[in-house]
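The next block holds one structure in the form of structure tokens; read it before the comments.
No lab work stands behind these numbers, since they all come straight from the coordinates. Predicted model, so just to flag it, every value in this text is computed and none were measured. FYI the Cβ positions are ideal-geometry reconstructions off the backbone, even for glycines, and counts take in every protein chain you see.
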Amino acid sequence: MKILPLQDALAKIDETFSIAAVLEDFDRNILSQYYQQSERGYRRYHSKGGSIHLALNEDGVFDAAGYYGQPKFVEQQLQAIPAQRVLEVGSGKGFNSEFLAQRHPDIDFVGLDLTPLNVKLAQKKAQSLQNLSFQLGDFNHIPFPDQQFDLVFGVECLCYSLDNHQTLSELYRVLKPGGRLVVFDAYRNPGFETFSEELQLAASLLEASMAVRQGMNEIAVWIEESEKLGFTILENTDITESIYPNVDHLHRLSLRYFEANGLMRRLSLFFQKYLVRNAIMALVCPTVLRQGILRYYRTVAERPNLMSIQNQ
């Protein structure tokens, strides 16, 4: 697929949005507002089924069935433990937990999300499933007692953590000994500052356009903090290539937006600006991933049980 050169992409972004204006929002707390405004766009251009994460297409061809790649992997983990109670943080509109609850009626699933609209939409999905519930909440202050869940997972949400220690401490706290944490997310690779200024700017624009305050976590820092808190890392795999087909698909859609009538594009900024800013992410994402400044990882960590600790 032909990808728009980064210099041209940045020029289009600046013309339409003003790069300075986008970066001004970098440190503002706009997360709930971002998802509230983006819901219609996600549904229309991304996934009619309610997914708000990227599809995993290992064969190199975009297929919406790839949106089930993450929950299917989570399914393997909950079967391996086996799990009886599962928590999804950043559960969005309920896509992942609904899929899993339908396939595992003997397991109790709970979803936690910060955006009221997401929780409302997810609760509608849970009405016909006795083993599924959703509630408003923050993964930095999880509203459950200690050691309540056999498995906790988050798909493309922990990038919003502003305090790795606090977030991971909470995830560790609510896991039972022997329980697992599964995370799918994008991270900055080490040496962010060694990349070209153009690439750093593109990555920062991607992050700001998705309401990721202060930038993505560094994968090495995330792993180090996890191990300090007591997690055992069972897997940490770079699976970036599996999201290329979806990313390239979104890139094509963004080109249509940026090539549209200039007046229409500028007028669109007055209506739900965080919705249309998703076009920024889609325009630069193929380049920042392929150049390695940001990558997409699948991580599995375990809270050791007493026996495994004694055997160390």
(message) Give the aspartates and glutamates reachable from residue 48 as a straight Cα distance under 14 Å; neighbours fewer than 8 places away on the same chain don't count.
(response) 39, 63
(request) About the Cα centre of region 1-144, how large is the charge dipole given +1 on each Lys and Arg Cβ and -1 on each Asp and Glu Cβ? Please answer in debye to the nearest 20. (result) 560
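Determine the calculated [θ] at 222 nm for the chain from helices alone, applying -39500 (n - 2.57) to every DSSP H run no shorter than 4 residues and normalising by the residue count; nearest 500 deg cm²/dmol.
On the way: 14 runs with 139 residues, N = 312.
So the calculated ellipticity at 222 nm is -13000 deg cm²/dmol.
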(request) Report the longest stretch of the chain that contains none of the trypsin sites (Lys or Arg not before Pro) sitting in a DSSP loop with at most 11 other Cβ atoms within 10 Å. (result) 49-312
(request) With unit charges on the beta carbon (Lys/Arg positive, Asp/Glu negative), name the residue among 100, 55, 142 whose Cα is farthest towards the positive pole of the charge dipole of region 1-142. (result) 100
(message) If amide hydrogens are placed 1.01 Å from N in the peptide plane, which non-local residues have theirs closer than 5 Å to the one on residue 234?
(response) 300, 301, 302
(message) From Cα pairs below 8 angstrom and at least 6 apart in sequence, can you work out the relative contact order of region 1-87, rounded to a whole percent?
(response) 12
(request) Would you mind checking the tilt of helix 69-80 against the longest principal axis of the Cα atoms of the chain, expressed as 0 to 90 degrees and rounded to 10? (result) 10
(request) Stick to the Cα atoms of the chain, pair each with every other, and give me the Kirkwood hydrodynamic radius in Å at one decimal. (result) 20.0
(message) With loop defined by DSSP as not H, G, I, E or B, and exposure as at most 13 other Cβ atoms within 10 Å, which is the longest segment of the chain clear of exposed GluC sites (Glu not before Pro)?
(response) 59-258
(request) Mind jotting down the distance between the C-alpha centroids of region 148-211 and region 4-33, whole Å? (result) 21
